[in-house]
Amino acid sequence: MGTADRHRLIGELLRTREEATVDELVDATGASGATIRRDLEILAANGVLKRIHGGARSLLARGDNPGYGQRALEDHDAKMRIASAVDALLKDREHVWLDSGSTATEIARRLSTRELTVMPMSLHGVDALTRVKDGRSPQLILPGGSLVRGEQSFRGPMAEANIRSLRFDAAVVTPCALNLKDGLLAHDLDDAAVKRAGLESAARVIVASAGTKWNASAVALVAAMDTVNVIVTDLEPSPEDLARLNKLSVEVVIA
């Protein structure tokens, strides 16, 4: 089992239990105790878990929303497929607003060799878009504003004002949750405000969302579903949902 697969497995185990010992993780992964201890140090540094004597403790024991480090481990294959599908929807030389979050970071990695102008809403996205040293790479516009630790995302009135001062060909929005009744949702008002500024400043709105976000819980409304042009997801909607999306003129791309 490779490092990335071990990290994902450890993260999944600590989503469903409060603690796990090194010995339990050795049994689950087949790795050595020394390897597991190194894994736990890396995952603790990335905010996935808390390192304790003899093992690790989940950071979600009180039912909190998972942090960026945890989410980056989850649904990785689906996020890669979604990123590829989003990439295919964008044309060279377009101006693109790109949301924050782990799905957006995967999309940024995919766009790192494209001839685009991109405003990424997190430092994770900035890093992914600037990894390529030679050949084509996007031009970046940074939004400014306040930086949310852990998420490394831009927030606040300055970020919103800078977004609204520009016009984008496309906004790529990665909601925390969505459903056909309410639309696009976020976990907090500041994130919702930034997402709303992005989609309202774009000629075309592309929503990128893994199937686990459909009908999930979130408290802050971003926008109604009729503001969306395309949804890219790995979940095949039901015939009833497809009919409602068609009525709203929302294209669905299954990744």
Next on the checklist: Tell me the volume per residue, in Å³, of the convex hull enclosing the alpha carbons of segment 102-213.
Outcome noted: 102
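For segment 119-161, which whole percent of the accessible surface, found with a 1.4 angstrom probe, sits on carbon and sulfur atoms?
Working: 1290 of 2420 Å².
Ligands and nucleic acids excluded, carbon and sulfur reach 53 percent.
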Checklist entry - Can you give the Rg and Dmax of the chain based on its C-alpha atoms, in angstrom? => result 18.8, 56
Next on the checklist: For the chain, set up a GNM with springs between Cα atoms under 10 Å and report which of Thr35, Thr130, Thr103 has the largest fluctuation.
Outcome noted: Thr35
Checklist outcome for this item: Rounded to whole Å², per residue accessible area for segment 1-115 with a 1.4 Å probe reads 49
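Looking at this model, which pairs from Lys79/Lys195; Lys50/Lys195; Lys50/Lys79; Lys91/Lys247 are more than 24 angstrom apart at the alpha-carbon? Show your work: numbers first, answer last.
On the way: Lys79/Lys195 19 Å; Lys50/Lys195 30 Å; Lys50/Lys79 26 Å; Lys91/Lys247 26 Å.
Too far apart for the 24 Å limit: Lys50/Lys195; Lys50/Lys79; Lys91/Lys247.
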Checklist entry - Looking only at Asp234, Asp87, Asp134, which one moves most when the chain is put into a Gaussian network model with springs between Cα atoms under 10 Å? => result Asp134
Item to check | Amide proton proximity set for Leu49, modelled H, under 5 Å, gap of 5+ | outcome: Ala44
Item to check | Listed residues Ser137, Ser84, Ser238, most fluctuating in the chain (Gaussian network, C-alpha, under 10 Å) | outcome: Ser238
Next on the checklist: Please state the shape class of segment 142-204: rounded when a/c is under 1.5, otherwise prolate if a/b exceeds b/c and oblate if not, all from the C-alpha gyration tensor.
Outcome noted: oblate
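Shape call for segment 1-49 from the C-alpha gyration tensor, a ≥ b ≥ c root eigenvalues: rounded (a/c under 1.5), prolate (a/b greater than b/c) or oblate?
On the way: a/c = 1.36, a/b = 1.14, b/c = 1.20.
Since a/c stays below 1.5, the shape of segment 1-49 is classed as rounded.
How would Met1, Met80 line up by accessible area, probe 1.4 Å, largest first?
Per-residue accessible area, sorted high to low, gives Met1, Met80.
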Next on the checklist: I need two numbers for segment 158-255: Rg to one decimal and Dmax as a whole number, Cα atoms only, in Å.
Outcome noted: 13.0, 42
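Kindly state, as a whole number, the per residue volume in cubic angstrom of the convex hull around the alpha carbon atoms of segment 1-147.
On the way: hull volume 18.9 nm³, N = 147.
Convex hull of Cα atoms, per residue: 129 Å³.
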Checklist entry - Over segment 174-221, what lengths in whole Å, largest first, do the semi-axes of the equivalent ellipsoid take, defined as the square roots of 5 times the eigenvalues of the alpha-carbon gyration tensor? => result 17, 13, 8
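The values are calculated or read from the model by the stated rules, or taken from the named source; none is laboratory data. Treat the numbers as computed from the prediction; the structure is a model and nothing was measured. Protein only, heavy atoms only, side chains kept; ligands, DNA and RNA dropped before computing areas. Shrake-Rupley method; radii C 1.70, N 1.55, O 1.52, S 1.80 Å.
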